[in-house]
Every structure is written in structure tokens, then in C-alpha cells.
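Asks: Quick one: structure below, then a few questions.
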Amino acid sequence: QVQLVESGGGLVQPGGSLRLSCTSSESLYSLNLMGWFRQAPGKQREYVAWILPDASTTNYTDSVKGRFTLSSDNAKNTVYLQMNSLKPEDTAVYYCNALRAYYSGGYLKRDDYWGQGTQVSVSS
């Protein structure tokens, strides 16, 4: 069971920046994908971004492209989400996600692990 711990949330004014951290209890190389999701009040959880463990590839949802940047520190088993030019609509609880794929009984299966979430509030 992979444990994920997020940190770095808080209250920031529009246009400000925050950096979220997600630390895994296991090596990032033991995982297939690390990602961030967010859930605003009254809305469904939505995808934000993902990164491969070797940081060779990243992907972002359109609404955060050019403002958010993913990076990783494998020595610390940690993934970072740098959030710049924050907008009120970025306000949400941000969740770290880890995906591990494996074969079982001839089928490809996946396990998803989630952190507890960290609140990001953007308001003047």
C-alpha cells in the first residue's frame, strides 16, 4: 500500500503562487504515473496534471497549461506542482494520485493511491 502525503496548500491572492508537494512512501520508480486532481465545492473531482516517474513526460489539462509546472525529486520520492498566476477558479482541494499497473492472471490491472488532499484557496 502506497502512502501519499500532500503539503503546500494555503490562501493566496489572485496572481500569486503556491507549490504543492506529494511525498510517496515508496520509490517513484515503483509507480507508473503520478498525478494531481482537484475538487472544488459542489463539483466533481477533475484531472489537473500527470508526470512520469523519470520526469521525461508531463501532461496538463488545458485550464492550467502555461501556469502550472510539474517536477519530481526521486531522491525524496516527491512530486511538486508549481502553481503560478493563480485564479479564483483554481480554488479547490488538491489531491495527489499514484498509479501502479501490473499483470495478474493474464490481465493488466491498476491500483490507484490517493493522498488526503490539501486546500488551495485563491481570493482577494
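Asks: Within segment 104-119, how many residues are loosely packed, with under 13 Cβ neighbours inside 10 Å and in contact with a Gly (Cβ under 9 Å, 6 or more places away or on another chain)?
Replies: The total comes to 1.
Asks: Now for a separate question. Could you give me the residue pairs with C-beta distances under 7 Å whose first residue belongs to segment 43-72 and is of a type in the set (K, R) and open to solvent by less than 60 Å² (accessible area, probe 1.4 Å), whose second residue is modelled with pLDDT of 95 or more and part of a strand (DSSP E or B) wherever it lies, and which are 6+ apart or on separate chains?
Replies: R67/M83
Asks: How many of the residues in segment 77-103 are closer than 26 Å to S56 by Cα, in contact with a helix residue (DSSP H, G or I) (Cβ under 9 Å, 6 or more places away or on another chain) and open to solvent by 30 Å² or more (accessible area, probe 1.4 Å)?
Replies: Total meeting the criteria: 2.
The values are calculated or read from the model by the stated rules, or taken from the named source; none is laboratory data. Note that the coordinates shown come from a computational prediction; the quantities given were computed from them, not determined experimentally. Cβ atoms come from the backbone with ideal geometry, glycine included; neighbour counts cover every protein chain shown. Just the protein is used for accessible areas: all its heavy atoms, side chains included, with ligands, DNA and RNA removed. Shrake-Rupley method; radii C 1.70, N 1.55, O 1.52, S 1.80 Å.
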